[in-house]
Number of protein chains: 2
Amino acid sequence: MPAHTPETLAILEARTREHYETFRARGLKLDMTRGKPSPEQLDLSLGLLTLPGNGDYLSEAGDDARNYGGTQGLPEVRRLFQTMLQAPAEQIVVGENSSLALMHDCLVWALLKGVPGGSAPWSKTPAPGFICPVPGYDRHFALNEEFGFRPLPVAMTDDGPDMDAVEALAADPSVKGMWCVPKYSNPTGAVYSARTAHRLATMKTGAADFRLFWDNAYAVHDLTPTRHAIPDILTLCAEAGHADRPFLFASTSKITLAGAGLAFFAGSPANVAWYLARVAKRTVGPDKLNQLRHVRFLKDHDGILRHMAAQRRLLAPKFEAVLAALDRHLGDLGQVRWTRPEGGYFISVDAMDGTARRTVELARALGIALTPAGATWPGNQDPNDRVLRLAPSFPSVEAVRVAAEGIALCIRLAALEKLRAA
Amino acid sequence: MPAHTPETLAILEARTREHYETFRARGLKLDMTRGKPSPEQLDLSLGLLTLPGNGDYLSEAGDDARNYGGTQGLPEVRRLFQTMLQAPAEQIVVGENSSLALMHDCLVWALLKGVPGGSAPWSKTPAPGFICPVPGYDRHFALNEEFGFRPLPVAMTDDGPDMDAVEALAADPSVKGMWCVPKYSNPTGAVYSARTAHRLATMKTGAADFRLFWDNAYAVHDLTPTRHAIPDILTLCAEAGHADRPFLFASTSKITLAGAGLAFFAGSPANVAWYLARVAKRTVGPDKLNQLRHVRFLKDHDGILRHMAAQRRLLAPKFEAVLAALDRHLGDLGQVRWTRPEGGYFISVDAMDGTARRTVELARALGIALTPAGATWPGNQDPNDRVLRLAPSFPSVEAVRVAAEGIALCIRLAALEKLRAA
């Protein structure tokens, strides 16, 4: 925004506040806090509710999916997801409904047992460091906090994390891992470039047992007809002589059912052997009926893509509604920027510095729940009080349209208050 | 067996060996290693394969069971199992298909975070001690081994563990926990008496954060019309001023489907709050569709009991077949004893000392796979080489009859070999 006189700013603020108060009078109650699928999205998978179906419990190999066993997951379900995961079926392990749970387990096993290539459990390193691209996923950072990792924020760019900063941090032997959401990163929507992935695969790390926690949560979650491809990190790392560096994670939480999907771990043969040895102590086998259900329902990789195209038709209009409102109300405020993601579940807004918390507060007064300001930073501490994560998936398009309008007004009002106070 | 002359022993052994060789000629292939439900038992729950059913995804409270959330589990599923668990619904947490997984998680969280009443994570205690009634469950002991606990074997009696030994061990502040399978204990079938439970609840422990891992795996798994009752350990501990002492576990693995059931954690309000705080870092919620499936299928506690009566009709004849064979072939060998369990999944045989391994070897040559000798002891080390765990659930009654005959012969042959060598 060009520099305004105090008088002009006062007029702009008054006008925005009037608009805001009109909104408040509507007594809204809208929730834009979490990347939660809408009921209409879940309806796309209604078929799962009667599957695997009458008497259908034998796997392709003739194993009884109702019984114990099958720790790695049925071969047919590992094959079904190998393209999506960019990993061969034999290097995939299928878990229960939450990939977060698999990341949790890898962290605790790394702490208590160590990982291949390491000389000691990670818990022998006091406050092991973990590289955290910011803004990032709050639940990743919460795991770091839970288990005493030292979070090391690095800035995200459009191509992925700032690799100069990553390389500098990774050189420290006490730095053990790094979060990566390589495609449609949570929350900025950035897609890791080939160059970023190459540097991640080849960089020197101080710790021989350093791990990329490659959370490919949005592998097939495109919002446009363009299916962005991300680098094959398993192969890149293997070629660089660091085959054991990446732990891959994914799930069907945002493909089929958020609460009743499948989660996946993948990695090098050594990592898979390590994972299987650990998980075999934890359980006598995963829910293979849910695996059969998914095989019967999605059938093959094309089936996954068709299903995701239907998801896109429900999601894209909501993202467009948010972007339209931001364009309309904030286009003249140069200090406010936002992402135009081509996939994933979030729009990330850089509000004017020092106004993110105020924006969330203003929105709450409108009856619009936003993700708490700071949530995208470790310890919920956004040093610039800048980032807002908008999650438009759950409410109806109409509700998102109204909410986006309200949120844009709040961002604007907070910015104008700040400018006038300056 | 009355003392025999070497000549008589040689004749008995030769006769048994002849019988054994006849058996070997049959070229059997039978598996009696694991407490795995049979296909017929799993068929009792075929109804689950099409549940929750078309469009049936709303919980009693109107929540969408397909979506994220509901960390503690649906209230209706917690109510359904509260009688079985002997815990109020609000003190129950529902997890995925494996109670072993919940025990694993409690152990790792105790190690890394500590438990209510503790002043430090258990990992601060070098090689924390864990009391292990023997013979016991191999997967419990494997968890101890995986995470560096010091196993402390105590003898089982018909009333539960030898409580004098337990109390002496628990007085040591470095002893943090104890395995308990209170009903139809794995593998002896013992049912903890009121007196045992009372002593467990009231005993002085050296560690303020000592925990009973109360694995009520066979809560409703009766093999006779008698439904043995076990003491309500939650109340007993609370009355003794040790409300936080017990962690309760159970699952439907051997009620509905071994690979697709529900698992439960229960405990004091403080323990439940602790568990929920931990598990909320691990997952955005359990598979609530599987919870709905179980509610629709089992309906209420009477439904569970009816279902278990059907299980009993399938299981009891297999146990009877094994006991008949043991009676027939080993009745004259006073040094061999076995349990007559009224519930659970196992018959435990005390073979003649120093012959358990040999028995397993002889059985293998017959084509009968037995649980490895030693498996019921920590580290797979049975100091007397005595205990054999027989698991008759999986094969058909006919197969169990044949296998039991063969196993009895092997136990007898191993004993006679030993007697003659003595």
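The values are calculated or read from the model by the stated rules, or taken from the named source; none is laboratory data. Note that this is a predicted model, so its numbers are computed, not measured. Every residue, glycine as well, gets a Cβ built from its backbone with ideal geometry; the counts of neighbours run over all protein chains shown. Note: accessible area is taken over every heavy atom of the protein model, side chains too, but ligands, DNA and RNA are not part of it. Shrake-Rupley method; radii C 1.70, N 1.55, O 1.52, S 1.80 Å.
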Flag if residue B:163 is open to solvent by less than 50 Å² (accessible area, probe 1.4 Å), of a type outside the set (Asp, Glu) and under 21 Å from residue A:279 (Cα atoms): no
Kindly provide the set of residues from segment B:95-117 that are under 16 Å from residue B:175 (Cα atoms) and open to solvent by 30 Å² or more (accessible area, probe 1.4 Å), ordered by number. B:117
Across segment A:1-59, the tally of residues that are within 30 Å of residue A:289 (Cα to Cα) and either in contact (Cβ under 8 Å) with a residue 24 or more places away in the chain or assigned to a helix (DSSP H, G or I) (or both) stands at 23
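Hey, any hits in segment A:176-191 for a residue that's over 26 Å from residue A:224 (Cβ atoms), assigned to a strand (DSSP E or B), away from chain B (no Cβ under 14 Å) and aromatic (Phe, Trp, Tyr)? Reasoning before the result, please.
Initially, segment A:176-191 is screened for residues over 26 Å from residue A:224 (Cβ atoms), giving A:176-178.
Narrowing further to those that are assigned to a strand (DSSP E or B): A:176-178.
Among the residues that remain, those that are also away from chain B (no Cβ under 14 Å) are: A:176-178.
Still in the running and aromatic (Phe, Trp, Tyr): none.
No, because not a single residue in segment A:176-191 is over 26 Å from residue A:224 (Cβ atoms), assigned to a strand (DSSP E or B), away from chain B (no Cβ under 14 Å) and aromatic (Phe, Trp, Tyr).
Would it be correct to say that residue B:322 is in contact with a strand residue (DSSP E or B) (Cβ under 6 Å, 6 or more places away or on another chain) and away from chain A (no Cβ under 14 Å)? Break it down into steps so the answer makes sense when it comes.
Working: in contact with a strand residue (DSSP E or B) (Cβ under 6 Å, 6 or more places away or on another chain): yes; away from chain A (no Cβ under 14 Å): yes.
Answer is yes for this residue.
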Given the condition at the interface with chain A (Cβ under 7 Å from one of its Cβ atoms) and either closer than 16 Å to residue B:260 by Cα or surrounded by fewer than 18 Cβ atoms within 10 Å (Cβ to Cβ) (or both), answer yes or no: does some residue in segment B:70-90 qualify? no
Being closer than 26 Å to residue B:311 by Cβ, of a type outside the set (S, T, N, Q) and touching a Cys at 6+ places or on another chain (Cβ under 9 Å), is that true of even one residue in segment B:221-232? no
Within segment B:386-395, identify whether any single residue is under 16 Å from residue B:359 (Cα atoms) and free of Cβ contacts under 8 Å to residues at least 40 places away in the same chain, and answer yes or no. yes
Residues in segment A:222-231: is at least one buried (at least 24 other Cβ atoms within 10 Å of the Cβ) and modelled with pLDDT of 95 or more? no
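Hey, could you check segment A:213-254 for residues that are hydrophobic (A, V, I, L, M, F, W, C) and touching a Gly at 6+ places or on another chain (Cβ under 7 Å) and say which is farthest from residue A:92 (Cα to Cα)?
A:223
Pull up segment A:119-132, narrow it to residues that are open to solvent by 10 Å² or more (accessible area, probe 1.4 Å) and in contact with a helix residue (DSSP H, G or I) (Cβ under 8 Å, 6 or more places away or on another chain), then point me to the one that is nearest to residue A:373 (Cα to Cα). Walk me through it before giving the result.
Within segment A:119-132, the first condition is being open to solvent by 10 Å² or more (accessible area, probe 1.4 Å), and the residues that meet it are A:119-121, A:123-127.
Filter again for in contact with a helix residue (DSSP H, G or I) (Cβ under 8 Å, 6 or more places away or on another chain), leaving A:121, A:123.
Working: A:121: 35, A:123: 31 Å.
Looking at residues that are open to solvent by 10 Å² or more (accessible area, probe 1.4 Å) and in contact with a helix residue (DSSP H, G or I) (Cβ under 8 Å, 6 or more places away or on another chain), I get A:123.
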Which of the following residues is in contact with a strand residue (DSSP E or B) (Cβ under 6 Å, 6 or more places away or on another chain), in contact (Cβ under 8 Å) with a residue 60 or more places away in the chain and within 14 Å of chain B (Cβ to nearest Cβ): A:258, A:250, A:280, A:263? A:263
Could you please let me know if residue A:108 is facing chain B (nearest Cβ under 9 Å), out of contact with any Ser or Thr (no Cβ under 6 Å at 6 or more places or on another chain) and assigned to a helix (DSSP H, G or I)? yes
Tell me yes or no: at least one residue of segment B:150-158 is within 11 Å of chain A (Cβ to nearest Cβ), within 30 Å of residue A:276 (Cβ to Cβ) and either among the hydroxyl-bearing types (Ser, Thr, Tyr) or surrounded by 21 or more Cβ atoms within 10 Å (Cβ to Cβ) (or both). no
For segment B:40-69: of the residues being of a type outside the set (Phe, Trp, Tyr), at the interface with another protein chain (Cβ under 7 Å from one of its Cβ atoms) and touching a strand residue (DSSP E or B) at 6+ places or on another chain (Cβ under 8 Å), which is nearest to residue A:261 (Cα to Cα)? B:65
Could you list, in sequence order, the residues of segment A:60-69 that are without any contact (Cβ under 8 Å) to a residue 40 or more places away in the chain, out of contact with any Leu (no Cβ under 8 Å at 6 or more places or on another chain) and open to solvent by less than 40 Å² (accessible area, probe 1.4 Å)? none
Those residues of segment A:188-246 which are in contact with an Asp or Glu (Cβ under 7 Å, 6 or more places away or on another chain), more than 30 Å from residue A:317 (Cα to Cα) and polar (S, T, N, Q), in sequence order: A:196
